[in-house]
Structures are given as C-alpha cells and as structure tokens.
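Comments concern the structure below.
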Amino acid sequence: RSNELIIKVNSDVVLNEAVRYFDVDNMAVGTGPLPPKVDETTTLKVYWTIKNTLHEIGGLSVTTTLPSGVNWNAKDQSSVGTLSYDPGTNSVKWDIGRLPLSVSLISAEFSIALKPRLSDQNKLMILVSGTTLAGQDSQTSYLISKQLKAQTTKLEKDDIANTDGIVQ
C-alpha cells in the first residue's frame, strides 16, 4: 500500500477592477475634462466584479486606498454586501461576508473625483492604489488574498476613453 496524498485546491475567485469614464454601453459615467486638466474636476467610476465557481468563501472583503488628490464622490452601489468610505484613511471597503457557491458573479461601483494640481501637470496620476481581496476558502480553510496593480488616469480598461492619461 502506498502513501496517501491529499491535495487541497483553493477557490478560483477572481477580482476585476476597471476605472472608466464611459461604461460598457458607451454612456458617459464620468464628467469633466479627459484627459484631466489642472484645477478642473474630473469624475470617474470604479467598477469591481468578483467571479467565483469552485468553493464558498467566507469573510470576503475588497479594500483600496484612494491616493491624495483623489476623493470619494459617493454615487455607490453593490449587488451584495456594503460599500463604505473612511475619510480618515481615504479608503474604500466592500464588505461582502459570505459568498455562497450559488452566486458566481457579484459587483460594486462607486465614483471618484480628482482635481489635479500644477505639480501633477504632464504626469499620469494614480487613481486607485493596489486594491486587495481577502477571504477564507470554506473547503480548504486557507486564507485567500489577491492584490491588483494601481489604476491610473490612462484608463487602461476604458477603450472608448482612448486617452494617454497625461494631465494637461
């Protein structure tokens, strides 16, 4: 008889983030100049989606910190859980809690506003820095953690905006 080998596989949860001026239906969800201009306010929409098909996840949350010069503009909604903003840390948190296997796709969105300063001119600005997903796989009991790269005024996931993102 050979040794028994048990391999546990964590859930396949995926977090996607997009900062957009235009939604997927080509409708403007942002306002103001694009690319952003010094001393003028531009608003944009941040979209988060979570896909999961393997195991239930508990204690699930998504957090991000808005850099200096980027402000929470409310206008938020989520398909499940609660979206909240902490002005002391300039951070946004999406508390989801339990994500059952029967729900394979959830989403949340909120608006941000930026008013570039003269020191931002001719630069890309970071809009959302390193969003993090955290939770616990119910089958393996392992913690799941994913971190995304920062999103900038280039709006890489908004094909319609077609901007280089350099502040004018």
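The values are calculated or read from the model by the stated rules, or taken from the named source; none is laboratory data. A quick note: this is a predicted structure, and the numbers were derived from the prediction, not measured. Methodologically, a virtual Cβ is constructed for each residue, glycine included, from the backbone with ideal geometry; neighbour enumeration extends over all protein chains shown. Keep in mind that these areas ignore ligands, DNA and RNA; they rest on the heavy atoms of the full protein, side chains included. Shrake-Rupley method; radii C 1.70, N 1.55, O 1.52, S 1.80 Å.
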- prompt: When you go through 105, 118 one by one, which is the residue that is of a type outside the set (Val, Ile, Thr), surrounded by fewer than 18 Cβ atoms within 10 Å (Cβ to Cβ) and in contact with a strand residue (DSSP E or B) (Cβ under 6 Å, 6 or more places away or on another chain)?
  reply: 105
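Yes/no matrix, rows are residues, columns are (1) within 16 Å of residue 125 (Cα to Cα); (2) of a type in the set (S, T, N, Q); (3) open to solvent by less than 30 Å² (accessible area, probe 1.4 Å):
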site: 9; (1), (2), (3): no, no, no
site: 17; (1), (2), (3): no, no, yes
site: 63; (1), (2), (3): no, yes, no
site: 77; (1), (2), (3): no, yes, no
site: 92; (1), (2), (3): no, no, yes
message: Return the residues of the stretch 121-149 that are open to solvent by 40 Å² or more (accessible area, probe 1.4 Å), closer than 16 Å to residue 65 by Cα and not in a strand (DSSP E or B); say none if nothing qualifies.
response: 148, 149
Single match in 156, 109 (criterion: acidic (Asp, Glu), outside any strand (DSSP E or B) and within 16 Å of the chain's Cα centre (by Cα)): 156
field: Verdict on residue 68 being open to solvent by 70 Å² or more (accessible area, probe 1.4 Å), under 29 Å from residue 161 (Cα atoms) and modelled with pLDDT under 95
entry: yes
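Yes or no, residue by residue, for (1) over 19 Å from residue 150 (Cβ atoms); (2) in contact with a helix residue (DSSP H, G or I) (Cβ under 9 Å, 6 or more places away or on another chain); (3) not small (Gly, Ala, Ser); (4) not in a strand (DSSP E or B):
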position: 8; (1), (2), (3), (4): yes, no, yes, yes
position: 11; (1), (2), (3), (4): yes, no, no, yes
position: 17; (1), (2), (3), (4): no, no, yes, no
position: 26; (1), (2), (3), (4): yes, no, yes, yes
position: 47; (1), (2), (3), (4): no, no, yes, no
position: 84; (1), (2), (3), (4): yes, no, no, no
position: 93; (1), (2), (3), (4): no, no, yes, no
position: 96; (1), (2), (3), (4): yes, no, yes, no
statement: Taking the stretch 39-56 and the residues there that are open to solvent by less than 30 Å² (accessible area, probe 1.4 Å) and modelled with pLDDT of 95 or more, the one that is farthest from residue 81 (Cα to Cα) would be 42
task: Could you list all residues from the stretch 28-37 that are part of a loop (DSSP other than H, G, I, E, B) and among the hydrophobic types (A, V, I, L, M, F, W, C)?
output: 29, 34
message: I'd like to verify a number: residues in the stretch 151-162 that are within 15 Å of residue 15 (Cα to Cα) and buried (at least 16 other Cβ atoms within 10 Å of the Cβ), how many?
response: 1
- prompt: Counting only residues that are open to solvent by less than 40 Å² (accessible area, probe 1.4 Å) and more than 24 Å from residue 108 (Cα to Cα), which one in the stretch 20-38 is farthest from the chain's Cα centre (by Cα)?
  reply: 38
